[in-house]
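The values are calculated or read from the model by the stated rules, or taken from the named source; none is laboratory data. Keep in mind the model is a prediction, meaning the values are calculated, not measured. Note that each Cβ is placed from the backbone with ideal geometry, even for glycine, and that neighbours are counted across all protein chains shown.
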Ligand SMILES: Cc1cc2nc3c(=O)[nH]c(=O)nc-3n(C[C@H](O)[C@H](O)[C@H](O)COP(=O)(O)O)c2cc1C
């Protein structure tokens, strides 16, 4: 009886520790504020009200940031179309890889890992943080830094258009985050960008 209960408790614990993949809704590719209005509103924001991001908005944000807008090319340019940048996402319930081709989030680990992001006054109330990871097998660090700038600006413009807040962050815990995301020695985090709801 005791053994059976222990096995049951163990299987519950295993299930709880397995984060679930998320199939994102198809992204909306029209709408938003006018381009000039959006550029005029672009700014860094560091103070957020704690709130989960609705599923459609999350889908749109990730597609804008680094999704595919043609069969084999993305919303951001990369040198020689190397596409060396991939996005990882920290939500309140876990860490995910954004599979841009499938437009889905692949679960990596379940739990709240915001501590690894650093700058807690900014990260803790954000709805999510996007982690930009370069694959140096595909391109150079110099190109990866430039590509990350395009991704970052797309996120800034999406946030401005949606009345959300965001800030590019060059200060974060590279080692802790790399371990959490199981990155290889050739994968380097370039920028972290929280996105949240404004006060
Ligand atoms: C490469 C880069 C790294 C940055 N790192 C940080 C950071 O670690 N923390 C932070 O609060 N802001 C960071 N920022 C945001 C800048 O402080 C901000 O863009 C600048 O003050 C100008 O403000 P604005 O974006 O509202 O125009 C970074 C910006 C860039 C482009």
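In segment 23-60, the qualifying residues are those that are within 16 Å of the ligand (Cβ to nearest atom) and not in a loop (DSSP other than H, G, I, E, B), and the one that is nearest to the chain's Cα centre (by Cα) is 48. Is one or more of the residues making up segment 61-75 part of a helix (DSSP H, G or I) and over 15 Å from the mean Cα position of the chain (by Cα)? Within segment 61-75 (the criterion being part of a helix (DSSP H, G or I) and over 15 Å from the mean Cα position of the chain (by Cα)), the answer is no, since none of the residues qualifies. When you look at residue 106, is it surrounded by fewer than 17 Cβ atoms within 10 Å (Cβ to Cβ) and out of contact with any helix residue (DSSP H, G or I) (no Cβ under 7 Å at 6 or more places or on another chain), yes or no? Considered against the rule, which asks whether it is surrounded by fewer than 17 Cβ atoms within 10 Å (Cβ to Cβ) and out of contact with any helix residue (DSSP H, G or I) (no Cβ under 7 Å at 6 or more places or on another chain), residue 106 comes out as yes. Of the residues in segment 123-137, at least one is at pLDDT below 95 and surrounded by 20 or more Cβ atoms within 10 Å (Cβ to Cβ). Pairs please, first residue from segment 182-199 and at positive phi, second anywhere and at pLDDT 95 or above and more than 12 Å from the ligand (Cβ to nearest atom), Cβ atoms under 9 Å, 6+ apart in sequence or on different chains. These pairs meet every condition: 182/108; 182/109.
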